[in-house]
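The values are calculated or read from the model by the stated rules, or taken from the named source; none is laboratory data. The structure displayed is predicted, hence computed values, not measured ones. Please note: Cβ atoms are built from the backbone with ideal geometry, for glycine as well, and neighbour counts cover all protein chains shown. In case anyone asks, the SASA skips ligands and DNA or RNA and just uses the protein heavy atoms, side chains included. Shrake-Rupley method; radii C 1.70, N 1.55, O 1.52, S 1.80 Å.
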Amino acid sequence: MKPRSGTPYRRAPLIAGAVALVLSATLAACGSERAGDGGQPSTSRSAVAGADKLPACPSTPSKPPATGALPDVTLPCLGSGPDIRLADLRGPLVINVWAQWCGPCRDEAPYLAALAKSGKVQMLGIDYDDPRPELAVKFATDEGLTYPHLVDRDKAIQRALKVGGPPLTAFVDTDGAVAFVHRGVLTSQQQLDQLVKELTS
């Protein structure tokens, strides 16, 4: 195509070069901003600072899904250890859905930490819709959440557990069925302990 009258050809490479430079700078900025959002960075999850201090996720034998069980979803471990298929889990088990950006999650964390320390029941955390694994690891360690945690960055459990957002706490019985889902913040140790007593035996 001929250029418009008066438009010299030599400007085209300069303009193209300038556009390429702007695009490359923009893409580089997006990449650094979203390194922890969406796809994983080149380093493994266990390479996140402090992840080695979290309890390792246990190996769970494969089992047929139970009636009313957790969703048939496999999630990676926030710390070390294998991925876990939720439908394989059996109780008594308390699963807490949280995120490091969630203020109410921080409010209820002491109750969960105390329950874990008591050893009354198995516990599992799910870091939900959270783009900052390094901050999630810091949250779990700072709050003393001394039990394994999984990562659900893509909200895979949202539909099955009707997750409007964290926090959410699910209680799983010995048959693997979800006995009850508490949506919202836990407001006291007494409330949590009572739910455990009623729903996981």
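On full extension, the segment bounded by ASP52 and THR146 gains 32.6 nm, given 0.36 nm per residue less the C-alpha separation.
Taking every pair of Cα atoms in the range 72-201, average 1/r, invert it to obtain the Kirkwood radius, and report Rg/Rh to two decimals.
For the range 72-201, the value is 0.92.
Calculated FRET efficiency, THR60 to LYS162, Cβ-Cβ distance, R0 = 22 Å: about 0.40 to the nearest 0.05. Among the trypsin sites (Lys or Arg not before Pro) within the range 99-144, those in coil by DSSP and having at most 16 neighbouring Cβ atoms inside 10 Å are LYS120. Residues SER188, SER62, sorted by accessible area with the largest first, give SER62, SER188 [1.4 Å probe; ligands and nucleic acids excluded]. The length gained by stretching the chain between ALA177 and GLN191 to full extension, at 0.36 nm per residue less their Cα-Cα distance, is 2.9 nm. Spin-label pair LYS138-ASP107: with each label point 7 Å from Cα along the Cα-Cβ axis, the two points sit 2.3 nm from one another. Rolling a 1.4 Å probe over the protein heavy atoms gives the range 46-201 an accessible area of 45 Å² per residue.
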